Structures are given as structure tokens and as C-alpha cells.
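The structure appears below as C-alpha cells.
The values are calculated or read from the model by the stated rules, or taken from the named source; none is laboratory data. Keep in mind the model is a prediction, meaning the values are calculated, not measured. Note: ideal-geometry Cβ built from the backbone for every residue, glycine included; neighbour counts use all protein chains shown. To get the accessible areas, we keep the full protein, side chains included, count just its heavy atoms, and leave off ligands, DNA and RNA. Shrake-Rupley method; radii C 1.70, N 1.55, O 1.52, S 1.80 Å.
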Amino acid sequence: RGILTYGEIMDALQNLELTPEQIDDVYEALTSMGIEIQADDPVELVKNIALRGVRQYNISNEKLGNISVVEGKVVNGFNQPRELIRIEASLYDSAGNALVSKQQLAGTSLSLFQLQVLGEQDIEQALANKIDIMATNTNVLPGGEVPFMVVFYSPPDNAAEFGVKVIDARIPPEKEKK
């Protein structure tokens, strides 16, 4: 088990005369052995994924006190599907220094009521809900939107700014041709 990039695989195969179908067979064989195949440059996988409607707000939670919420949508600007889009949200002080950062797979969000009454464990479980993530953050078509939400508990008092960036996305595996 491990990770290979498309470039590493193509370098290894460069001296062989293979058809595109045979190259696909090599990719399938590697994947079936548990080897993850990634793009050579992670920036290439996320460069056309935009953020829309991003906002940050504080809420008084009855169990946790003040919590800070960052939410919005990621939009697939590529001309082919993407999936498992991951974002990173950060809170900064007035000088632009990062105070706290948190990564989250897109695909889930909570209601205002849930944010006001649920405890930390329940909020985290809801935001990591695999069923919601798999329903909304797989095979995201071009132009498709996926919601995201990140919650910071006991946010620093000197937090003055926030930021969000897309840090990862995958190309969905090819569907088998029948």
C-alpha cells in the first residue's frame, strides 16, 4: 500500500509500448492493490475549485459558550468531476497571524438550532457524517456546489479575520465500461 503519482507511473512505463487501454489496466491493477494514484501537483487538483458565499459568525452554544462558525460552498470549476473536496479554515489576529486552523471535508452543514444546542462531540459527528459527505461530495459535476462548515470551539478573543482555502480534491475513479 502506498501512493504513486501519474507522473511516476508514466516515467516507469515510458520504455514500453502500451495502448491507452493497457495503461488503464496498469492503473486498475495498482488501485486494486491498494495503491493510491494522485496528480503530480496537488495545486493542479484544486486550482479551479472556487469558494462561494463564505461567511464567518459567532454563536452562543448553550453547552459550549461562544463558538465560531465558518461556512460556505465549494464550486467545481473544472470541466470534469471532482470529489472528496477538503477545505481548511483559519482564524487570524489583526496582524494576519494564524491563531487556529482546522481541516474539513466538504459536504455537511448544521442548522442554527443544532449549532446552539449540540455538544462538541455531536457537532463533530454531524460534520463528519460519511453518508452526507458521500451523497454530496462525490462525483461533483462541473459547476456543482458542495456546502461546508467548520466550527471552532472557544475561539481566541483576538481573532479578527478568517480565511478558507481548498486544500485537496480527487478525480473520481473511472466507471467500468460495460
Revision key, fill the gap. With -39,500 (n - 2.57) per DSSP H segment of 4 or more residues and division by the full residue count of the chain, the 222 nm estimate, nearest 500 deg cm²/dmol, is -7000 deg cm²/dmol
Study note, to complete from the structure: Taking alpha-carbon centroids only, the stretch 18-97 lies from the stretch 99-118 a number of Å equal to 16
Check your understanding: Using a probe of 1.4 angstrom, how much of the accessible area of the stretch 59-167 is carbon and sulfur, in percent?
Key -> 49
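Can you give me the accessible area per residue for the stretch 92-178, using a 1.4 Å probe, in Å²? Please list the in-between numbers first.
Details: 5270 Å² over 87 residues.
Per residue, the stretch 92-178 has an accessible area of 61 Å².
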Point to revise | Net charge dipole size for the chain [Lys, Arg +1 and Asp, Glu -1 on Cβ; Debye, nearest 20] | key: 620
**Study point:** Label selected from [x] 38, 17, 14; [y] 31, 22, 16; [z] 54, 14, 13, the criterion being semi-axes √(5λ) of the Cα gyration tensor in Å as computed here
**Key:** [x]
Review point. Measuring from label point to label point, each 7 Å out along Cα→Cβ, what is the D132 to L51 span in nm?
Key: 2.0
Check your understanding: In nm, to one decimal, how far is the E21 label point from the V100 one, both placed 7 Å along Cα→Cβ?
Key -> 5.6
**Study point:** Non-local Lys pairs in the chain, i.e. 8 or more apart or on different chains, that have alpha carbons under 22 Å apart
**Key:** 11
Check your understanding: Among D93, D11, D157, D122, what's the order by accessible area (1.4 angstrom probe), most exposed first?
Key -> D157, D11, D122, D93
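Where does the charge balance sit around Q104 when Lys and Arg score +1, Asp and Glu -1, over other residues with C-beta under 14 Å from its C-beta? Please report the intermediate quantities before stating the final value.
Working: positive: K73, R86, K102, K130, K165; negative: E71, E88, E124, D132, D168.
Residues close to Q104 contribute a combined charge of 0.
Would you mind calculating the relative contact order of the stretch 75-124 from Cα pairs under 8 angstrom and at least 6 residues apart, reporting the percent as a whole number? Write down the numbers at each step before the final one.
Details: 35 pairs, mean separation 13.1, N = 50.
Reported as a whole number, the value is 26 percent.
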